[in-house]
Amino acid sequence: MQKIEEMYVEYSKQVYKYLFCLTHNEHLAEELTQETFYIALKKTHSFRGECKLYVWLCQIAKHLYYKELKKHKRLETIPLQEMQNRQVAREDGMENNCISQLDMYQKMERLEEKEREVMYLRIMADLSFKQIGELLNISENLARVTFYRAKLKIKEDEENEKK
């Protein structure tokens, strides 16, 4: 088993990206990332090696996120309007990029939950299909197919908007 410092250096960015995909909130994702590693430190003895360490950490993170949701009894994501305000407030040079990202977020929100989750994990958390499969307890191939189908739906939406 790695030392907690090594685990943090190796996996903290990935765990943060995963949590940001769930929360859409930088501060909450950061807070939950820290708490994830605190729990991992306390429970290192319970890691049996049945899955990869990264998957175990993300499972802890996911449970903490759900615990946070129950605590507040509502989804703690940034409302779309607030996200738009944040995106527009960025530097002028990034304005077009932000608008296209916003458009992509809006289209992804229209997808079914599993498709949206796979898209977020692939695009925002930059995970491989194998990692997504491990995390969601599905095969690598199913993660790949789900991503492909979601991409097709988004393209269809774009074509329908152009008409």
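The values are calculated or read from the model by the stated rules, or taken from the named source; none is laboratory data. Because the structure is predicted, anything quoted here is derived from the model rather than measured. Every residue, glycine as well, gets a Cβ built from its backbone with ideal geometry; the counts of neighbours run over all protein chains shown. Remember, those area values only see protein heavy atoms, side chains included, never the ligands or the DNA or RNA. Shrake-Rupley method; radii C 1.70, N 1.55, O 1.52, S 1.80 Å.
Every test in (1) basic (Lys, Arg); (2) under 25 Å from Tyr120 (Cα atoms); (3) open to solvent by 90 Å² or more (accessible area, probe 1.4 Å) is passed by Lys17 save one, and that test is (3). Condition test on Tyr18, is it closer than 30 Å to Glu156 by Cα and at pLDDT 65 or above? Criteria met by Tyr18. The range 3-73 holds helices (runs of 4 or more DSSP H) entirely within its bounds, and those carrying 1 or more residues that are among the acidic types (Asp, Glu) and free of Cβ contacts under 8 Å to residues at least 12 places away in the same chain map to 4-23, 26-42.
The residues of the range 118-143 that are of a type outside the set (A, V, I, L, M), touching a helix residue (DSSP H, G or I) at 6+ places or on another chain (Cβ under 6 Å) and surrounded by 18 or more Cβ atoms within 10 Å (Cβ to Cβ), listed by number, are Tyr120, Arg122, Phe129, Gly133, Glu134. Screening the range 152-163 for residues that are without any contact (Cβ under 8 Å) to a residue 12 or more places away in the chain and part of a helix (DSSP H, G or I) and picking the one that is nearest to Gly49 (Cα to Cα) gives Leu152.
Condition first: open to solvent by 30 Å² or more (accessible area, probe 1.4 Å), at pLDDT below 80 and closer than 21 Å to Val118 by Cβ. Can you find one or more residues in the range 41-51 that meet it? Yes - at least one qualifying residue is present in the range 41-51. Residue count for the range 3-14, restricted to those that are open to solvent by 60 Å² or more (accessible area, probe 1.4 Å) and not charged (D, E, K, R): 2. Annotation note: Cβ proximity below 9 Å between a residue of the range 109-126 that is over 17 Å from Asp157 (Cβ atoms) and at pLDDT below 85 and a residue that is among the charged types (D, E, K, R) and open to solvent by 10 Å² or more (accessible area, probe 1.4 Å) (sequence gap 6+ or interchain) occurs for Leu121/Lys17; Met124/Lys17; Ala125/Lys17; Asp126/Lys17.
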